[in-house]
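All remarks here apply to the structure that follows.
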Amino acid sequence: MRTKPIGIFDSGIGGLTVVKEIMRQLPGEDIVYFGDTARVPYGTKSKETVIRFSIENILFLLKQNVKLICIACNTASSVALPVIRNHFRVPLVGVISPGAREAVYATQNKRIGVIGTSATIKSMAYEFEIKSLEPKAVVKSQACPLFVPFVEEGWLAGGIIEGVALKYLKPLKESHIDTLILGCTHYPLLKPVIKKVIGKDVVLIDSAKQVAIEIKKILTLENLLNTQHKGRQKFYVSDNPAWFKSMARKFLGQGIKEISRITV
Ligand code: DGL
């Protein structure tokens with residue numbers, strides 16, 4: 001069991017920000033990643049569709065014999081995980097609780113901002129989680145649907161993205177938040193521009209670090225931690241492997257070797 005890989009999926013490339021952190025904190029683990037590049041974005045789709053896609057992705061990863069599955073997509077974690085949580089025999093780890101926990105820990109004035117896709121914000125998953133941890137917290141949410149295409153185009157800096165960020169983040173800035181959850185796995189790549197617009201005193205929360213800590217905790221508890229060798233990574237996508245490979249360096253800080261296209 002211990003030598004089985006960790007399965008991770010996202011609607012596309014964004015989950016690589018979580019892969020990067022898992023590789024850093026759990027260097028002995030093998031990873032199988034699935035990016036659903038044929039069906040991205042999930043953030044604009046209905047709840048039913050995101051649930052169906054998530055189940056199909058999980059079934060694919062289970063066929064790869066994984067010991068745990070990380071849903072490295074805020075949209076799928078918000079709308080699908082609460083529904084499917086108890087339906088599989090491997091632990092499922094989402095990105096909402098770890099991010100919410102870190103934000104509650106970080107905030108001083110109990111005013112927390114959340115940005116994400118339209119589906120994530122509509123689900124109110126972060127609000128529910130934050131309020132269950134800190135009932136006095138004030139949560140201000142904002143969907144930022146244009147951020148994902150900007151990241152996928154590699155437009156991470158410059159006047160246009162700054163203008164878009166200003167439009168989205170102004171209401172949060174005016175609400176005097178001191179902590180902002182980057183509730184989409186694409187957004188860590190926009191950290192410099194978000195920081196510039198929201199102000200340097202606002203703490204940016206990227207759940208990747210906490211997700212890796214949670215996975216380590218679960219694997220340790222279940223005696224499933226693999227520390228024996230240097231972990232390998234295998235990547236699968238449902239479309240466009242060449243594009244994914246070219247983008248991966250930006251997200252991971254290193255190139256990827258093994259990548260295949262599959263149909264789920
Ligand atoms: N990676 C997805 C998330 O974290 C965003 C991209 C999408 O809309 O599919 O929500």
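Every number here is computed from the coordinates shown, using simple stated rules; none is lab data. Owing to the predicted nature of the structure, the values given are computational and were not obtained by experimental measurement. Cβ atoms come from the backbone with ideal geometry, glycine included; neighbour counts cover every protein chain shown.
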Positive-pole candidate from THR37, PHE128, LEU16, dipole of the chain, charges at beta carbon: LEU16
For PHE60, PHE128, PHE244, order by how many other beta-carbon atoms lie within 10 Å, fewest first: PHE128, PHE60, PHE244
Distance from the stretch 174-194 to the stretch 217-264 (C-alpha centre basis), Å: 25 Å
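Select from the chain the helices, each a whole stretch of DSSP H, whose alpha-carbon atoms run 18 Å or more along the helix axis and whose Kyte-Doolittle mean is at least -1.0; answer none if there are none. Each step should come with its number before you reach the end.
Numbers: long enough: 47-63 (24 Å, 0.61); 159-174 (21 Å, 0.25); 208-221 (20 Å, 0.68).
Helices meeting the criterion: 47-63, 159-174, 208-221.
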Gyration tensor over alpha-carbon atoms, the chain, equivalent ellipsoid semi-axes in Å: 28, 21, 17
Inter-label distance for LEU133 and GLU222, nm, one decimal - labels placed 7 Å from Cα along Cα-to-Cβ: 2.2 nm
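Quick one: if you take sqrt(5λ) for each eigenvalue of the C-alpha gyration tensor of the stretch 101-243, what semi-axes come out, biggest first, whole angstrom? Could you put the intermediate results ahead of the total?
Working: eigenvalues 154, 106, 36 Å².
Each semi-axis is the square root of five times an eigenvalue, giving 28, 23, 13 Å.
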